[in-house]
Amino acid sequence: MQILWFIPTSRDGRYLGTEISGRDATPDYLQQIAQAVDNLGYVGALLPTGPFCEDAWITAASLIPVTKRMKFLVAIRPGISSPGVAARMAATFDRMSNGRLLINVVTGGDPAHLAGDGLHLSHDDRYDLTDEFLAVWRGIVSGETVDFQGKYLDIKGGKLLFPPIQKPYPPLWFGGSSAAAKRVAAKHIDTYLTWGEPPAQVAEKIAEVRQLAAEQGRTVRFGIRLHVIVRETTSAAWDAANELIKYVDDEAIAKAQQAYATSDSEGQKRMVQLHNGKRDALEISPNLWAGLGLVRGGAGTALVGDPDTVAARMLEYQELGIDTFVFSGYPHLEEAYRTAELLFPRLPLQQEAATITSSVVTPFSEFASKENLTQKIKEVATTSAS
């Protein structure tokens, strides 16, 4: 199991839906978060992309010299950049960071945002373009000279002079819930990401993508994008969840839901369906809370609970096939520390992460074995049923 964190390049704060206790995404603040990620044992961090945040590539590049271990999950945008330019950017970043780049393939889900960047394709056409883009990109970054004639791309002699460190190329990550997205994932992607849906829905996605990949003669790893609200007790965790949306009113919810309705992203539609803009049933699965999705686009769910319970829920996802968790929490600096201190010792993390954090959080090391976590799942399941 591996855990990544999140770099909030738009804004951060203690509450959603308000400017109260807000924090600007200044270079100094983002550096503090990145260094926490680097020192606490997270594998790396996701940087968002889009018109609502700072540019992910420039921000990530600025953090290379102040970090040593962490990897940067940064987006390439088919249809917005060409595959040749994206290949050079990826190779350069990978070389400059000594092999610390992960590639997040973002096809995009809001037609208004995409139109602002000059992309005017329908949903499925964008995924057809992404298929062509990745065929070219993978060839160029792998060291081939690429000639390609497709519906959207016409490439003659595409090649790369300076190759990346990671071979054949930095790993490709991707999220998408539509049939078109799953086909692209099965054909090209190394790690398929789902947003934090209930386990049964996640299991269905994994089974479908795994079967599609097998038909291509490939295997795919799986990850999940979630928020986490972990406290020493369950009641304190739920208090923190409610505190996070204390300033969110009905007007803010209605405005946010209206904005999400313009998206043609299947994943965003599924996030909205988990709560339908209502506050009355936000725990959509044991310890899985949809409150963030009331006013936050994209990943809108959080695991909420004490450390043992959250670890047990994570292991439930792992049993389905999830081996990577991309977490975030508000505010991201403090919650990076809290999550590492309370949660990491209870998880079967990759050895690098366990070694880095052992000097910080050894008091709970007796919970770190998979056997103990499996037993804890049984205890949590029994408690939830009673």
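The values are calculated or read from the model by the stated rules, or taken from the named source; none is laboratory data. Since the structure is predicted, the reported quantities are computational estimates derived from the model, not experimental observations. Here the Cβ positions follow ideal geometry from the backbone for every residue, glycine too, while neighbour counts run over all protein chains shown. Keep in mind that these areas ignore ligands, DNA and RNA; they rest on the heavy atoms of the full protein, side chains included. Shrake-Rupley method; radii C 1.70, N 1.55, O 1.52, S 1.80 Å.
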Within the chain, what whole-number % of the accessible surface is contributed by carbon and sulfur, with the 1.4 Å probe and all protein chains included in the calculation? 51 percent
Checking the table 151/182; 187/255; 71/159; 71/182; 167/205; 151/255 against a 31 Å threshold on Cα-Cα, which pairs fail? 187/255; 151/255
Could you give the size of the charge dipole of the chain about its Cα centre, using +1 on the Cβ of each K and R and -1 on the Cβ of each D and E, expressed in debye and rounded to the nearest 20? 840 debye
Answer with one residue from 223, 145, 121: the one whose Cα lies farthest towards the positive end of the charge dipole of segment 118-260, charges on Cβ with Lys, Arg +1 and Asp, Glu -1. 145
Explain nothing, just compute: Karplus ³J(HN,Hα) = 6.51 cos²θ - 1.76 cosθ + 1.60, θ = phi - 60°, for every residue of segment 30-47 in order, whole Hz, x for Gly and Pro. 5, 5, 4, 5, 4, 5, 5, 4, 5, 8, 8, x, 5, 5, x, 8, 8, 10
Hey, what do the phi angles of segment 75-88 turn into as Karplus ³J(HN,Hα) couplings, whole Hz, using 6.51/-1.76/1.60 and θ = phi - 60°, x for Gly and Pro? 8, 10, 10, x, x, 9, 10, 7, x, x, 5, 4, 5, 5
Note the full-extension length gain between residue 147 and residue 68 as 0.36 nm times their separation in residues minus their Cα-Cα distance, in nm to one decimal. 24.7 nm
Probe 1.4 Å, accessible area per residue of the chain, Å²: 43 Å²
5 Å is the cut-off here: which amide hydrogens, built 1.01 Å from N in the peptide plane, fall below it relative to residue 46, excluding neighbours closer than 5 in sequence? 5, 6, 7, 73
Write down, largest first, the equivalent ellipsoid semi-axes of segment 99-231 in whole Å, where each equals the square root of 5 times an eigenvalue of the alpha-carbon gyration tensor. 26, 19, 16
If each of residue 283 and residue 246 carries a label point 7 Å out from its Cα toward its Cβ, how far apart are those two points in nm? 2.1 nm
What does the C-alpha gyration tensor say about the overall shape of segment 40-166? Classify as rounded when a/c is under 1.5, otherwise prolate if a/b is larger than b/c, or oblate. oblate
Of the candidates 99, 78, 36, the farthest towards the positive dipole end of the chain (Lys/Arg Cβ +1, Asp/Glu Cβ -1, centred on the Cα centre) is 99
Nearest 10 degrees is fine. How inclined is helix 307-320 to the longest principal axis of the chain, computing both from alpha carbons? 40 degrees
If one takes the longest principal axis of the Cα atoms in the chain, at what angle in degrees, from 0 to 90 and to the nearest 10, does the Cα axis of helix 332-343 lie? 60 degrees
Can you list the aspartates and glutamates whose alpha carbon sits under 19 Å from that of residue 68, skipping same-chain ones fewer than 8 residues off? 28, 38, 94, 352
Report the semi-axes of the equivalent ellipsoid for the chain in whole Å, largest first, where each axis is √(5λ) for an eigenvalue λ of the Cα gyration tensor. 32, 24, 21
Using θ = phi - 60° and the Karplus relation 6.51 cos²θ - 1.76 cosθ + 1.60, list the HN-Hα couplings for segment 215-220 in order, rounded to whole Hz, with x at every Gly or Pro. 5, 8, x, 10, 10, 10
In degrees, nearest 10, the alpha-carbon axis of helix 179-188 is tilted away from the dominant principal axis of the alpha carbons of the chain by 70 degrees
